[in-house]
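K.L.:
I am attaching a structure below and will ask some questions about it afterwards.
Derivation of every value follows stated rules applied to the coordinates shown; laboratory data play no part. From a predicted model like this one, the values you see are computed outputs, not experimental measurements. Ideal geometry is used to build each Cβ from the backbone, glycine not excepted, and the neighbour counts take in all protein chains shown.
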């Protein structure tokens, strides 16, 4: 069999991991898997990385054109990140009829149709297992392992930074800002953590997974994303008292009428929920198939070697496709199709809610709060008023029975008009 | 593309699920996956099942030869179970150059080399995802999703009957025999539960997984299997007091020197271990890859639709292979190779141990027990003597530091020679 040659663009954290796996397992791929796959070129703007990595006989350079113009290379691994140069790398490679493997979730979530269109036009494929869930084979499980199922729902903890912060807030009673600072100091959070803590990173992954599940492109912009910055020590304490934990969840639900409910926000989960025990930097994806029932994948969602492991899984898949002479094994029509998938507006969802009011400690407040809930036909499951704070405000926690988001929002908007409200009201959706 | 035609042998529980998925998802496979796959023949000795199932236009009969002699059928799905007729079905199909999909763990574990040899000779493949872990894509994850890793260890709860019994013993303080009887009455346990509760079913699955991981055939007979019949209410109580639970685990560890440690036995797990929260009929597989770190798969390990889901995953994989003209995508050389894999004898393992003695309440016993442990250089981590039983015996629980199984066995053999021992000593390995 002819040698299958790969070029790597970006030898940073994940790219470095890929170089290491090629160095360690290349012989195994050749002999045990009978796949003569070899990493022949590595491109990175920082030449220093070539010294630190086991590049073996790969030709190292700083110019992507060295890979692009090498006609012996049939697989390009894009690990530069971002959506500008990375997009150019991917499209240029596809237009040169090279298969592309990427870990770039933003690129797929925001530019999927253009990319898969280019792949289709050139008779090559784009694999992106590492874009969702690091080392866990999430995309492979949905597209192959569970192919006999309609996936009814996905609930996922898929951002390690948020989960690390929330886990430490719960375990140690720390405030959000304090944990974030420490996480940044230790390298567990980015210097600019906006995309993580704002929910955008989870949103990218939810956009990708919901597109695959719904069979049509769902752009990132359509995913409702609420981050974890408003989760306070008060919320943590209340959750603990009530037997809940708080997690940032990506949620996808296929509704009956060809509409998808896809969103990202903090949720309260009962502590005996299987996702409640996913702690620190670990990630998990809970899939519900119509035949298989619940299937959970759990593992490291990020990091050098875990993500490189997912990239290598794609490399081997693409190499097997090339070896078979059938480059597009898994159709990606849903990214190319014109099929419009409707996204359920977040106002339309229903569920149970945790609502925390900070109000003045004066007569009539409780009666007004409950009256406003009653006006919106929201049934209250439990209500607790806690002792006065130092500033003489009090905390009132309401847990509702199943209500519509629209009603909850209307009730709170009405309540927040009142003078007795001392702070912005906190709402956290409860997921059963 | 030419229609890819499948025949099903055995339309019982799992086979019935496969018929249902073909009926429900056939259109999807044809249009969205562009795979013209169709179930054209169903064979079962009980004609009644054909009435109960959505067989559509499949030709139903009671004679396997109807499938065998149909040259338009390229995939045979064997779901009859057992290793006699099932083996004939599989070998006959392979020798007629038909691909085979099976859920039959005993067949693969006991006759793997013969089966894969026949597949090789005929240029066709054998897929067996459903043989391990029901609906969880375990084999696919190891062979494809984690292909960039050396799998260092597997720890798995993979028998639903045992896990159901142990979970109820813990949750409700019930005795083994009582739960087993109730489980049988409810259909959660077989009328003859020997293979489940004796560990043999877990052993078959461990044999299959360890063969894949080690890259060489490991026959079922070489797997040390100890079941759960000796786990008593006393053990449950002690485990709970100590912060442990008891699970039947399949364990595979790649040791440094090309030897595999593969075994099945009850273990004590700390209650905060991720596998400790796998309850009732659920299964889980905890894989440790050298790159990816820990990856857990969790789901239903048995049942009509969960197992059928895994079978369908294989059907689609094989159909994709046929469509690509490359029938053997995943090499199965390790089942065919002459490579001898050495299995670590259970006497050679080391670990921590829970040992429960039932001894006469008389002077000198504790001193003799501890002396025998000392003679074998076993370091005691904790020792508890509990209050006298009605029969005047007492329970002594010893938790050891890391010791060799050989030393533990030697110490107990010596101790059991003494008159003060009232009952057989219970030993449960502790897994960290």
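K.L.:
Suppose each label sits 7 Å from its Cα in the direction of the beta carbon; what would the residue B:422-residue A:272 distance come out to in nanometres?
P.N.:
The answer from the label model is 3.5 nm.
K.L.:
Going by alpha carbons, how many degrees (0 to 90, nearest 10) lie between the helix axis of B:304-324 and the longest principal axis of chain B?
P.N.:
50
K.L.:
Measuring from the axis that superposes chain A on chain B, report the chain A residue with the minimal C-beta distance, rounded to whole Å.
P.N.:
Of all Cβ atoms in A, the one closest to the rotation axis yields A:324, 2.
K.L.:
So, in nm, how far is label residue A:172 from label residue A:348 when the simple model puts each one 7 Å beyond its Cα toward the Cβ?
P.N.:
Calculated label separation equals 4.3 nm.
K.L.:
When Cβ neighbours within 10 Å are restricted to other protein chains, what is their mean count per residue of peptide B:298-305? Before the final figure, lay out the partial values.
P.N.:
Working: counts 8, 10, 5, 0, 0, 3, 1, 7.
Mean inter-chain Cβ contacts per residue within 10 Å come to 4.
K.L.:
Label-to-label distances across copies for residue A:342, with labels 7 Å out along Cα→Cβ, in nm, shortest first?
P.N.:
Going from nearest to farthest copy, the values are 6.7 nm.
K.L.:
So which residue, out of B:296, B:195, B:33, gets the largest mean-square fluctuation from a GNM of chain B using Cα contacts under 10 Å as springs?
P.N.:
Greatest mean-square fluctuation among the candidates belongs to B:33.
K.L.:
How well do other chains shield peptide A:26-32, expressed as the mean number of their Cβ atoms within 10 Å of each residue Cβ?
P.N.:
Values: counts 0, 0, 4, 2, 0, 1, 6.
Counting other chains' Cβ atoms within 10 Å and averaging over A:26-32 gives 2.
K.L.:
Once the label point is placed 7 Å from Cα along Cβ, list for residue B:171 the distances to the corresponding points in the other copies, in nm, shortest first.
P.N.:
2.8
K.L.:
Okay, next question. What base-10 log of the normalised intensity I(q)/I(0) is obtained for the range B:1-52 from the Debye formula, alpha carbons as equal point scatterers, at q = 0.32 Å⁻¹?
P.N.:
Each listed q corresponds, in turn, to -1.25.
K.L.:
Provide the percentage of antiparallel DSSP beta bridges, counting only those with both residues in chain B; round to the nearest 5.
P.N.:
Antiparallel bridges: around 65 percent, rounded to the nearest 5.
K.L.:
Another one. What's the angle, to the nearest 10 degrees (0 to 90), between helix A:405-415's Cα axis and the longest principal axis of chain A?
P.N.:
40
K.L.:
Here is a follow-up. Using C-alpha positions alone, give me the convex hull volume of the range A:343-432 per residue in cubic angstrom.
P.N.:
Per-residue hull volume (Cα only) is 93 Å³.
K.L.:
When N is the residue count of chain B, what does its C-alpha Rg come to as a fraction of 2.2 N^0.38 Å?
P.N.:
Numbers: Rg = 24.2 Å, N = 432, 2.2 N^0.38 = 22.1 Å.
Rounded to two decimals, the normalised Rg is 1.09.
K.L.:
Hey, another quick one. How would you rank A:176-185, B:1-10, highest first, on the average number of other Cβ atoms within 10 Å across their residues?
P.N.:
Output ranking for A:176-185, B:1-10: B:1-10, A:176-185.
K.L.:
Would you mind calculating the gained length between residue A:24 and residue A:409 on full extension (0.36 nm times residue separation, minus the Cα-Cα distance), in nm to one decimal?
P.N.:
133.1 nm
K.L.:
For chain A, find the longest principal axis of its Cα atoms and tell me its angle to the long axis of helix A:160-172, 0 to 90°, nearest 10.
P.N.:
On a 0 to 90 degree scale, this one is about 40.
K.L.:
Going from the alpha-carbon gyration tensor of the range A:62-178, what semi-axes, largest first and in whole Å, does one get by taking the root of 5 times each eigenvalue?
P.N.:
33, 20, 11
K.L.:
Given label points at 7 Å from Cα along Cα→Cβ, what nm distances, shortest first, separate residue A:46 from the same residue in every other copy?
P.N.:
Counterpart label points of residue A:46 in the remaining copies fall at 6.5 nm.
K.L.:
Shifting gears a bit: With each label point set 7 Å from Cα along the Cα-Cβ vector, what nm distance links residue B:117 and residue A:191?
P.N.:
If labels sit at residue B:117 and residue A:191, their model points lie 6.4 nm apart.
K.L.:
Could I ask something else about it? Quick one: grab Rg to one decimal and Dmax as a whole number for the range A:145-193, Cα atoms only, in Å.
P.N.:
Every Cα atom of the range A:145-193 included, Rg and Dmax give 15.6, 46 Å.
K.L.:
Taking 0.36 nm per intervening residue step and subtracting the Cα-Cα distance, what contour gain separates residue B:1 from residue B:362 on full extension?
P.N.:
Numbers: separation 361, 0.36 × 361 = 129.96 nm, distance 8.19 nm.
Fully extending the segment from residue B:1 to residue B:362 adds 121.8 nm.
K.L.:
If you count, for every residue in B:391-404, the Cβ atoms of partner chains within 10 Å of its Cβ, what is the mean?
P.N.:
Across B:391-404, the average partner-chain Cβ count within 10 Å equals 0.
K.L.:
Grab the Cα-Cα distance for residue B:32 and residue B:83, subtract it from 0.36 nm times how many residues apart they are, and report the gain in nm with one decimal.
P.N.:
Gain on extension, residue B:32 to residue B:83, equals 14.7 nm.
K.L.:
Calculate the FRET efficiency for residue A:326 and residue A:47 from the Cβ-Cβ distance with a Förster distance of 51 Å, rounded to the nearest 0.05. Walk me through the intermediate numbers first.
P.N.:
Details: r = 38 Å, r/R0 = 0.75.
Step by step, r from the Cβ atoms, then E = 0.85.
K.L.:
Cα gyration tensor of the range B:138-296, axes a ≥ b ≥ c as square roots of the eigenvalues: rounded (a/c below 1.5), prolate (a/b > b/c) or oblate?
P.N.:
Prolate, since a/c reaches 1.5 and a/b exceeds b/c.
K.L.:
Additional query: Can you give the log10 of the normalised intensity I(q)/I(0) at q = 0.05, 0.07, 0.09, 0.11 Å⁻¹, computed with Debye over equal Cα scatterers of the protein assembly as shown?
P.N.:
The calculated log intensity ratios at q = 0.05, 0.07, 0.09, 0.11 Å⁻¹ are -0.31, -0.61, -0.99, -1.36.
K.L.:
Further question on the same structure: Please find, in a Gaussian network model of chain B (springs between Cα atoms separated by less than 10 Å), the residue of B:212, B:115, B:415 whose mean-square fluctuation is greatest.
P.N.:
Of B:212, B:115, B:415, the Gaussian network model singles out B:415 as fluctuating most.
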